[in-house]
Amino acid sequence: MAPAWIGETRAGKNASRDGLLDGPMLEACGDVRGLRVLDCGCGEGRFCRMLVERGAEYALGLDLCEPMIRAAQELAGGKDEYRQADVQDLGFLEDASFDHAVSYLNQCDLPDFAANTREVFRVLRPGGRFVVANLHPMRSATGEWQRTEDGTKQHFILDRYFNEGERHWKMMEIDFTNFHRTLSTYLDAYLSAGFRIDRIIEPTVTPENLKRYPGLDDELRVPNFIVFVLGKPMG
Ligand SMILES: C[S@@+](CC[C@H](N)C(=O)[O-])C[C@H]1O[C@@H](n2cnc3c(N)ncnc32)[C@H](O)[C@@H]1O
C-alpha cells in the first residue's frame, strides 16, 4: 500500500489526517519545543516533520515498512531521522531517552500493542507523554455502512464488539488486515504499563474542516478515531 499511501498523503488529499485528526493530535502533543520525540509507525514521516516544524529538537520515526522509511528519509531535514524497525521491540533504544512519544494510527496494526506500550513507557523519561491515535473500538468492531437501495448511508451495525482479533478491510482498493480490541483492553494495557490516562479525545469534524472536506460529514455520525493522552508519572 506504501506507494498509494505516500502519493495521497503528499498530494494533501488525506482528509482524515488534515481535516480530522491533525488538530486534536497537535493539541494533545502540546508544546513540543526542545523535546526529543519518538514516532511509532511514522509512515512517510509527515507527523515527525510537523513536530519538528513546531520546535521539537529531534524526532525519530520508526516504521516496519521499508518504502515508507525511504520516502521519509528523502524529506528529512537536520532534526528528523527514520529507521526501519518493529515498534513492538525497542531494545535498540535506551531507557528514558525520549521526552515525548506518538503513535498515529499504528497500534491497531500491531498484533501486540501492549508490548509497544510497555516499550514506549520504558524509553520515555518520567514526566513524558505518549499520545496515541487509534481506530475507535466501536468503529473497528463494525463492518461497512448499511445503505438503502439508492446507496444512502443509514447506519453501522455494532456487532462482534467482544470478539477481539483480526479485521479485514479494503483501502485504496488494497486488502489489508488490522486488529480490533475493546476499549477496556486498551485502557488496561496502558494502566498496566504504568501510564496515567490524562485525557481521551473522540475527534469529530469542525464546521471549518467540514467546509474544506464535505466528505467528512460521516464523522458527525459515527466515531472513527480515538486519541489517548498518556502520562509517565514523575517518580
Ligand atoms: C495507518 S499507517 C500510519 C502512518 C503514519 N503514522 C501516518 O499517520 O501517516 C500505519 C503505519 O504503521 C506501520 N506499521 C505496522 N506495523 C508496524 C510495526 N510492527 N512496527 C512499526 N511500524 C509498523 C505501517 O507500515 C504504516 O506505515
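The values are calculated or read from the model by the stated rules, or taken from the named source; none is laboratory data. Computed from a predicted model, the values in this text were never measured in an experiment. FYI the Cβ positions are ideal-geometry reconstructions off the backbone, even for glycines, and counts take in every protein chain you see.
Brief remarks follow.
- Of all residues in segment 51-82, those that are within 10 Å of the ligand (Cβ to nearest atom) and surrounded by fewer than 21 Cβ atoms within 10 Å (Cβ to Cβ) total 4.
- The residue list E149, E166 contains one member that is more than 24 Å from D18 (Cα to Cα) and in a strand (DSSP E or B), which is E166.
- With respect to the conditions (1) within 15 Å of the chain's Cα centre (by Cα); (2) within 11 Å of the ligand (Cβ to nearest atom); (3) under 21 Å from A193 (Cα atoms); (4) in a helix (DSSP H, G or I), T117 falls short on a single one, namely (2).
- Whichever residue in segment 132-146 is of a type outside the set (S, T, Y) and within 15 Å of the chain's Cα centre (by Cα) and, among such residues, is modelled with the lowest pLDDT: R139
- Candidates I174, I200, filtered to the one that is over 30 Å from A2 (Cβ atoms) and aliphatic (A, V, I, L, M): I200
- Subset of segment 94-114 [outside any helix (DSSP H, G or I) and within 13 Å of the ligand (Cβ to nearest atom)]: A101, V102, S103, Y104, L105, N106, L110, P111, D112
- For beta carbons closer than 6 Å, sequence separation of 6+ or different chains, a first residue in segment 56-79 that is touching a residue at least 24 places away in the same chain (Cβ under 8 Å) and among the hydrophobic types (A, V, I, L, M, F, W, C) and a second that is assigned to a loop (DSSP other than H, G, I, E, B) and away from the ligand (no atom under 12 Å from the Cβ), the qualifying pairs are A56/V32; A56/L35.
- Residue check for Q88: of a type outside the set (A, V, I, L, M), part of a loop (DSSP other than H, G, I, E, B), within 15 Å of the ligand (Cβ to nearest atom) and farther than 28 Å from E208 by Cα: yes
- Helices (runs of 4 or more DSSP H) enclosed by segment 1-70 - at least 3 residues per element that are within 24 Å of D86 (Cβ to Cβ): 2-10, 46-53
- For the condition more than 10 Å from the ligand (Cβ to nearest atom), modelled with pLDDT of 95 or more and part of a helix (DSSP H, G or I), R129 does not qualify.
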